[in-house]
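Here's the structure we're looking at; comments come further down.
The values are calculated or read from the model by the stated rules, or taken from the named source; none is laboratory data. Keep in mind the model is a prediction, meaning the values are calculated, not measured. Heads up, the Cβs are rebuilt from the backbone with ideal geometry, glycines too, and the neighbour counts pull from every protein chain shown. The protein model used for the area step is the full one, side chains on, heavy atoms only, and it has no ligands, DNA or RNA in it. Shrake-Rupley method; radii C 1.70, N 1.55, O 1.52, S 1.80 Å.
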Number of protein chains: 2
Amino acid sequence: MSGWVTVAGLGPGDEALVTPEVTAALSEATDIVGYIPYVARIAPRPGLTLHASDNRVELDRARHALEMAAEGRRVVIVSSGDPGVFAMASALFEGLEAAPEFAETEIRILPGITAMLAAAARAGAPLGHDFCAINLSDNLKPFDLVERRLRHAAQGDFAMAFYNPRSKSRPHQFARVLEVLREECEPGRLILFARAVTTPEEEINVVTLAEATPEMADMRTVVLVGNSTTRRVGRWVYTPRGVAP
Amino acid sequence: MSGWVTVAGLGPGDEALVTPEVTAALSEATDIVGYIPYVARIAPRPGLTLHASDNRVELDRARHALEMAAEGRRVVIVSSGDPGVFAMASALFEGLEAAPEFAETEIRILPGITAMLAAAARAGAPLGHDFCAINLSDNLKPFDLVERRLRHAAQGDFAMAFYNPRSKSRPHQFARVLEVLREECEPGRLILFARAVTTPEEEINVVTLAEATPEMADMRTVVLVGNSTTRRVGRWVYTPRGVAP
């Protein structure tokens, strides 16, 4: 039997958000590869080997998956959310580009519910108009580029979603993000901090830009910023579908 | 029994991409409301009334759903893709804002697989780094704003996803979008046209900006534009996770 690699999105946490397509792929797998907390979501069963690895070893993980597929294994690389949004799909193709001997591998990417859309749904419809998604981590890009993109997003009046807003190793950067937003946007701009969305630890916190503090975010938080028309209706936050001409 | 309104995302077309959460909500519903082709995806059953309506009546549909919930009905408004991305969730909150008598309605928004992420998965990982989602329709906003956002997205070197790129009533506008991209981006920039993604009519077409023509898109197409680093590896298109500092 020939091997394959599938990169599957597990969604933000709630098992009711895992697509049947992903569930089927997991049931056919011989090997699961991924970051420790994501692999921990997969139920063990006979014939299935779990390969959990630490963060920041994405290329090693991709190479390992390609090697196992070449040996005839059926490998699912698990990502939380959607694998194409700041997750393992790009890393797999980087690995494939670096290892042409695996060019013929059978690969599938299976989409999932990404955190920003799960967070938006919990809060209402804050991304209901044009929006940007920005990874605030500077592991793989200079922070200057983050800042440039923030300013373009704000000046274009996009709503925004921020992934990986804050880590222990760079606590000052999210403070800088808030400073840039304060230079570009009005103080009443709505900001939503959604932590561990759809899990039992879920916390949703909606504040204005004037009230926002860096401590409101951690690495389990996705941050949504409304555009200039985003507003509250009752307990909900939404962005209207259009703007007056 | 008290009524409710749930806005549910059916995903891009393949039933294997409908989340179990959405399937459960549909099974509890007494009434399904939505645009004709989306309601057509719901299997009829005793006790379920299907209310299909034409495009551009989103606010009427929202009001109808709120009225039925007030009468004790369990109403699911169906959207394709994700209801929070250029779909019915914002319209429901616009309707709620306009009708304070329904303020106490029990509302839930259930996320779905949005077209850009399904299209990205089919092609590889073209949205694997920071990206923007832009609705090119000018039904509800001036085209000047579309153009301004395009330029900010390009100048910020975001990858981009365009919803509703082209319709019979405004065939010239997507041509203008391509002109703006040609002013802002290099001719080799990769563009992906994904039509009817995950359905039997799916077509995926990857070209360079120099090769792109307006006729490559219609209203069933989502268009993805890479950033300056987006490249091919074999039959795949992907955007690396980072850029050199």
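Quick notes on this one:
- Yes/no for B:Gly47 being at positive phi, more than 8 Å from chain A (Cβ to nearest Cβ) and not charged (D, E, K, R): yes
- Among residues of the stretch A:176-192, those that are crowded, with 16+ Cβ neighbours inside 10 Å and closer than 11 Å to A:Pro214 by Cβ, counted: 3
- Of the helices (runs of 4 or more DSSP H) that lie entirely inside the stretch A:28-134, those containing 1 or more residues that are small (Gly, Ala, Ser) and modelled with pLDDT of 95 or more span A:58-70, A:88-98, A:115-123.
- Of all residue pairs spaced 6 or more apart or on separate chains, those with beta-carbon atoms under 7 Å, a first member in the stretch A:205-217 that is surrounded by 17 or more Cβ atoms within 10 Å (Cβ to Cβ) and a second member that is assigned to a strand (DSSP E or B) and of a type outside the set (Phe, Trp, Tyr) are A:Val206/A:Leu190; A:Val206/A:Leu192; A:Val206/A:Val237; A:Leu209/A:Ile191; A:Ala212/A:Ile191; A:Met216/A:Asn205; A:Ala217/A:Val223.
- Flag if B:Ala123 is at the interface with chain A (Cβ under 8 Å from one of its Cβ atoms) and either within 15 Å of the chain's Cα centre (by Cα) or under 26 Å from A:Lys141 (Cβ atoms) (or both): no
- A:Thr230 touching a strand residue (DSSP E or B) at 6+ places or on another chain (Cβ under 7 Å), open to solvent by less than 10 Å² (accessible area, probe 1.4 Å), within 14 Å of another protein chain (Cβ to nearest Cβ) and of a type in the set (S, T, N, Q): no
- Test for A:Ala123: is it under 13 Å from A:Ala194 (Cα atoms), among the small types (Gly, Ala, Ser) and open to solvent by less than 10 Å² (accessible area, probe 1.4 Å): yes
- The single condition among (1) over 30 Å from B:Glu15 (Cα atoms); (2) open to solvent by 10 Å² or more (accessible area, probe 1.4 Å); (3) among the aliphatic types (A, V, I, L, M) that A:Ala115 does not satisfy is (1).
- Matching entry among A:Val39, A:Val57, A:Val85, A:Val18 (being away from chain B (no Cβ under 14 Å) and either open to solvent by less than 30 Å² (accessible area, probe 1.4 Å) or among the aliphatic types (A, V, I, L, M) (or both)): A:Val39
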